[in-house]
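Structure record follows, encoded as structure tokens.
The values are calculated or read from the model by the stated rules, or taken from the named source; none is laboratory data. Keep in mind the model is a prediction, meaning the values are calculated, not measured. Here Cβ is always computed from backbone atoms with ideal geometry, including for glycine, and neighbour counts include all displayed protein chains.
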Protein chains: 2
Amino acid sequence: MAGRRRRTAAESKTLILETAARRLRQHGLEGLNITGVADDAGLSHATLIHHFGSSEGMRDALSEKMTLDLIQDLVVAMDAKISPAELAGNVFEALSEGGHGKLLAWRAVEGYREHQDMGMVRDLFNQLLQTTQKVLDVETREDLQRIILLVATAAVGYGIAGDVLVDMLGMSKEAVDKFPGWVTAKIGS
Amino acid sequence: MAGRRRRTAAESKTLILETAARRLRQHGLEGLNITGVADDAGLSHATLIHHFGSSEGMRDALSEKMTLDLIQDLVVAMDAKISPAELAGNVFEALSEGGHGKLLAWRAVEGYREHQDMGMVRDLFNQLLQTTQKVLDVETREDLQRIILLVATAAVGYGIAGDVLVDMLGMSKEAVDKFPGWVTAKIGS
DNA sequence: ATGCTTATCTACATCAATGTCAATAAGGTG
DNA sequence: CACCTTATTGACATTGATGTAGATAAGCAT
């Protein structure tokens, strides 16, 4: 064939995983097959197998990448410099955007298999814990755990079913906007 | 073939959908194919097509059934006779059990298509709203909406990612048990 | 019994996705 | 330029899942 582009392996992998992530958002899990992703990326499906070994290999790689992206976004959202009032809002925002909800839902239906980078995830999570403690200035460890669990579960649930719930509750956009702040006030009391 | 059992259409559909639900819990979304479900149910895959029209038809029926089951469990969990202190606990329990988390996650990845029974879902949800208002005795509509949204999102998130979060937070079983009560106390204040 | 409805099955046809393999060529290196 | 590595591709084989069609038989009604 005349004119075929040769990328570095890293470039190709990035292109493929970004395409796959987009397809996950648009078409759900059925969109995560090598033929479809290959078409959208403008590559042959054999190329994807070359880079990831198999279709499942590609999905595993995507899951890993999205997990790291999610934690990374959380770390930024909970930077130690933010004020307590912003905390819940930032976490909600971080989890509602960028298809993080889709990742969590995906991992929930398929089961939480351990990744190779699970150690790094744990490290980042512990870093998050310390940051939160500083921002909120909680004294007991139990309080910290509870608060994190509440904000995290609420944010996850919001990212996954938030729009449906808001619709069913008939909430105004304004009320929705004020929700994270209200949560922060609640947990602070 | 000698000796083949003939069920009523309703019996067969129930058997098939229960088998499918079990496979969703055990194998994730990949378990939701007519051949696999048929094998587990002890039927031929042609029989499933006979009853549901297609593979997707079976999945739609399962989604509908699980959605109704979920709402039904919620209605029971929030019976008007419960005390405010039990509210969050009951909701959490209802959403953590019986694979409801899998349903929500499934619908989140695949996108929330409208069901034919969406009207019934809305009715049950409104019924839930009224019950909650009685139990909690909230005055403003905004407060009611916020409280429901928080408890619901937290419960959904807990059902989907609760075990992972609890693990990462290193929470004791005792602390986890007390969590719903703590949430109730928080929103009541 | 007889007959009707239809749940159930076997066998076949089809299709889409996965994976293999050998050939090609793009880019870097000597 | 010659050479080497390997990203990329097209063609093929294989597999599994879906759907179709006709035959079979289980239960119910008459």
Picking from B:Arg23, B:Arg59, the residue that is under 24 Å from B:Tyr112 (Cβ atoms), more than 14 Å from DNA strand C (Cβ to nearest atom) and touching a Gly at 6+ places or on another chain (Cβ under 9 Å) would be B:Arg23
Please go through the stretch B:119-133 and pick out each residue that is more than 9 Å from chain A (Cβ to nearest Cβ) and surrounded by 14 or more Cβ atoms within 10 Å (Cβ to Cβ). B:Met120, B:Leu124, B:Gln127, B:Leu128, B:Thr131, B:Thr132, B:Gln133
Filter result (more than 7 Å from every other protein chain (Cβ to nearest Cβ) and touching a residue at least 40 places away in the same chain (Cβ under 8 Å)) within the stretch B:138-154: B:Ile147, B:Val151
Filter the stretch B:1-36 down to the residues that are of a type in the set (A, V, I, L, M, F, W, C) and within 17 Å of B:Met66 (Cβ to Cβ) and list them by number. B:Leu15, B:Ile16, B:Leu17, B:Ala20, B:Ala21, B:Leu24, B:Leu29, B:Leu32
Test A:Lys81 against the criterion of being not in a helix (DSSP H, G or I) and not small (Gly, Ala, Ser), and give yes or no. yes
Write out, first by first residue and then by second, each pair whose Cβ atoms fall under 6 Å of each other, whose residues are 6+ apart or on separate chains, and whose first residue, in the stretch A:156-167, is more than 7 Å from every other protein chain (Cβ to nearest Cβ) and in a helix (DSSP H, G or I) while the second is surrounded by fewer than 20 Cβ atoms within 10 Å (Cβ to Cβ) and modelled with pLDDT under 90. A:Gly159/A:Ser96
Does the stretch A:74-85 include one or more residues that are within 16 Å of DNA strand D (Cβ to nearest atom), surrounded by fewer than 20 Cβ atoms within 10 Å (Cβ to Cβ) and away from chain B (no Cβ under 14 Å)? no
Of all residues in the stretch B:1-56 being buried (at least 16 other Cβ atoms within 10 Å of the Cβ) and not in a helix (DSSP H, G or I), which is farthest from the other protein chains (Cβ to nearest Cβ)? B:Leu43
